[in-house]
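*Asks:* Here you go, one structure.
None of the figures in this text is laboratory data; all of them are computed from the coordinates on show. In this text the structure is predicted, and so the values were computed from the model without any measurement. So basically every Cβ, Gly included, is an ideal-geometry build from the backbone, and we count neighbours across all protein chains shown.
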Amino acid sequence: MHARGGHLYIQLMHAGRVSHPDNTPHHRRPVAPSEIAAGQDMFTPTGPQPMPVPRALATDEIADVVAEFRHAAAAAIAAGADGVEIHAANGYLLHQFLSPNANERTDAYGGSVENRSRFVVEVAAAVADEIGADRAGIRISPAFPLGGIDEGPRENVHAQYLDLVGRLAPLSLAYLHVHHLGDDELLRAMREAWPTAVLVVRYGRTREQIADDIDAGLADLAPLGRFALANPDVVERLRTGAALNELDPDTLYAGGARGYVDYPVLAGA
Ligand SMILES: Cc1cc2nc3c(=O)[nH]c(=O)nc-3n(C[C@H](O)[C@H](O)[C@H](O)COP(=O)(O)O)c2cc1C
C-alpha cells in the first residue's frame, strides 16, 4: 500500500457482548459492561445462535482491556500501519459502555454520563500515549441501534456524546469519525468542540451525495465504504465522472480475498 502511495489505518475493535463462545478459540464467555445480552443471533460455525448473556468485567479487569488496546495499537504500528482507529461505534464493547441499556455498572464506569464515558476516554488516552495522538483516530455512532444498543431519548444522546467529545478533545487525536444518523445539531456541536478533522459517513449515500456534509460545513472529510470496496480507483472515477463498478453483495463478510482485491480498475489507470 505504501509503495502505491496509500495510507493505512487499522481499526482496533473489541466486540464485547456481540460475540459467541463458539467463535473464540477457547470458547470463552463474552465480556461486557453488564450481564445484559444483546438479544440477537450471531452467525457461528453451526449456524445462527443467540448471543449469550455476557460476563460483566470486574473493575480491576478494565485496566487489562485498556492495556490490550495499547498493545494492539503498538502491534499495528509495528506491522506497518500509519495509525489506528479506535472502534467506539456500532454496538461493540466501547459503545456498550456508553449506552445506558447495556451499562448498568455501579462503579466508576457506569451510573452517570461522565462514568459511561470513562472507559472510552481511558482507551483513547492509552492508545495516544502509546503511538502518538496524531496516529490515533476514533469512530463513534451516536444513537445507532446496532447489537441491541438503545441510548435513550435525544437529550441523553446529546449529553453522552458532548461529554465524551469534550473529554476526548484535549487529547488532539488525529480525527473523529462519526457514523451519522441525521442529528445535524449534535454533529455541529461535536464538530465545534473537536480540535482536528471530523469524518462523517451516512449509510447508503448516492454518488451525488458524497460531498454534501462537507459542502454544508458539517464535515472535513467523507469516508467511503462500499464505493471504495468495489472500486480500487474510486477517487479517480469520482474525479473524472467515470462509471463505478457494481458491488457484489455475496462477497461481503464472506472471508477471503474475493470481492476485496479483484474489482477492475479503469482501463489505462
Ligand atoms: C462489508 C462491510 C464491512 C464493514 N465493516 C466495518 C467495520 O469493521 N468497522 C466499521 O466501523 N464499519 C464497518 N462497516 C461500515 C462502513 O464503515 C460504513 O460506515 C458503511 O458501509 C456506510 O458507508 P457506505 O454507504 O459508504 O458503504 C462495514 C460495512 C460493510 C458494507
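*Asks:* If you fit an axis through the alpha-carbon atoms of helix 59-78 and take the longest principal axis of the Cα set of the chain, what angle between them do you get, 0 to 90°, nearest 10?
*Replies:* 20 degrees
*Asks:* Quick one: V127, V84, V261, V120, fewest Cβ neighbours within 10 Å first, how do they rank? Don't jump to the answer; show the numbers that get you there.
*Replies:* Working: V127 30, V84 26, V261 8, V120 22.
Listing V127, V84, V261, V120 from fewest to most nearby Cβ atoms yields V261, V120, V84, V127.
*Asks:* P(r) tail for region 6-78, what percent of Cα pairs lie past 22 Å?
*Replies:* Values: 907 of 2628 pairs.
Here the long-distance tail beyond 22 Å is 35 percent of all Cα pairs in region 6-78.
*Asks:* Let me ask something else. How far is it, in nm, from the label point at R239 to the one at A211 when both lie 7 Å from their Cα along the line to the Cβ?
*Replies:* 1.3 nm
*Asks:* Sticking with this one: Evaluate the charge dipole of region 64-116 about its Cα centre and quote only its size in Debye, nearest 20, assuming +1 on the Cβ of each Lys and Arg and -1 on the Cβ of each Asp and Glu. Numbers along the way, then the final one.
*Replies:* Values: 3 positive and 7 negative charges, 11 e Å.
So the dipole magnitude of region 64-116 works out to roughly 60 debye.
*Asks:* Specify the angular offset, from 0 to 90 degrees and rounded to the nearest 10, of the alpha carbon long axis of helix 154-168 from the longest principal axis of the alpha carbons in the chain.
*Replies:* Orientation of helix 154-168: about 80 degrees from the principal axis.
*Asks:* Could you pull the Rg and Dmax for region 225-269, using just the Cα atoms, both in Å?
*Replies:* Answer for region 225-269, Rg first and Dmax second: 10.7, 32 Å.
*Asks:* Using the count of nearby Cβ atoms within 10 Å as a rough guide to exposure, how do R237, R202 rank from fewest to most?
*Replies:* Values: R237 19, R202 16.
Lowest count first: R202, R237.
*Asks:* Largest first and in whole Å, give the semi-axes of the chain's equivalent ellipsoid, each being the square root of 5 times a Cα gyration tensor eigenvalue.
*Replies:* Values: eigenvalues 185, 108, 73 Å².
Taking √(5λ) for each eigenvalue gives 30, 23, 19 Å, largest first.
*Asks:* How long, wide and thick is region 148-213, going by the Cα atoms along their three principal axes, in whole angstroms, largest first?
*Replies:* Largest first, region 148-213 extends 35, 29, 21 Å along its Cα principal axes.
*Asks:* Give the shape of region 93-215 as rounded, prolate or oblate, defined through the alpha-carbon gyration tensor: a ≥ b ≥ c are the square roots of its eigenvalues, a/c under 1.5 means rounded, and otherwise the shape is prolate if a/b is larger than b/c and oblate if not.
*Replies:* Judged from the Cα gyration tensor, region 93-215 comes out oblate (a/c at least 1.5, b/c at or above a/b).
*Asks:* What residues qualify as long-range amide H neighbours of I86, i.e. H under 5 Å apart, gap of 5 or more or another chain, H built at 1.01 Å from N?
*Replies:* Answer set, sorted by chain and number: L12, G137, I138, R139.
*Asks:* Something else about it: Grab the other residues whose beta carbon is less than 12 angstrom from that of N103, score K and R as +1, D and E as -1, and report the net. Present the calculation step by step, with values, prior to reporting the outcome.
*Replies:* On the way: positive: R17, R105, R116, R118; negative: E35, E104, D107, D150, E151.
Counting the neighbours of N103, the net charge comes to -1.
*Asks:* Can you tell me how much longer the chain between A78 and L266 gets when fully stretched, taken as 0.36 nm per residue apart minus their C-alpha distance, in nm with one decimal?
*Replies:* Numbers: separation 188, 0.36 × 188 = 67.68 nm, distance 3.34 nm.
Full-extension gain reported as 64.3 nm.
*Asks:* I would also like to ask the following. Which angle between 0 and 90 degrees, to the nearest 10, do you get for helix 113-131 versus the longest principal axis of the chain when only C-alpha atoms count?
*Replies:* Helix 113-131 sits roughly 60 degrees off the main axis of the chain.
*Asks:* Taking each pair of different alpha-carbon atoms in region 1-125 once, compute 1/r for the pair, average those values, and report the inverse of that mean as the Kirkwood hydrodynamic radius in Å to one decimal. Write out the running numbers ahead of the final one.
*Replies:* Details: mean 1/r = 0.0642 Å⁻¹.
When all Cα pairs of region 1-125 are included, the Kirkwood radius is 15.6 Å.
*Asks:* On to the next question. Which order do D248, D213 fall in if you start with the one that has the fewest other Cβ atoms within 10 Å?
*Replies:* Numbers: D248 14, D213 23.
The order, fewest Cβ neighbours first, is D248, D213.
*Asks:* Report ³J(HN,Hα) in whole Hz for each residue of region 39-46, in order, from the Karplus equation J = 6.51 cos²θ - 1.76 cosθ + 1.60 where θ = phi - 60°; Gly and Pro get x.
*Replies:* x, 9, 8, 10, 6, 10, x, 9
*Asks:* Rounded to the nearest 20 Debye, what is the dipole magnitude of the chain about its Cα centre when Lys and Arg each give +1 and Asp and Glu each give -1 at the C-beta? If you can, show how the numbers build up before the last one.
*Replies:* Values: 22 positive and 35 negative charges, 70 e Å.
In total the dipole reaches around 340 debye.
*Asks:* State, as an integer percentage, the relative contact order of the chain based on alpha-carbon contacts under 8 Å between residues 6 or more apart. Working shown, then result.
*Replies:* On the way: 463 pairs, mean separation 35.4, N = 269.
Averaging sequence separation for qualifying contacts and normalising by length gives 13 percent for the chain.
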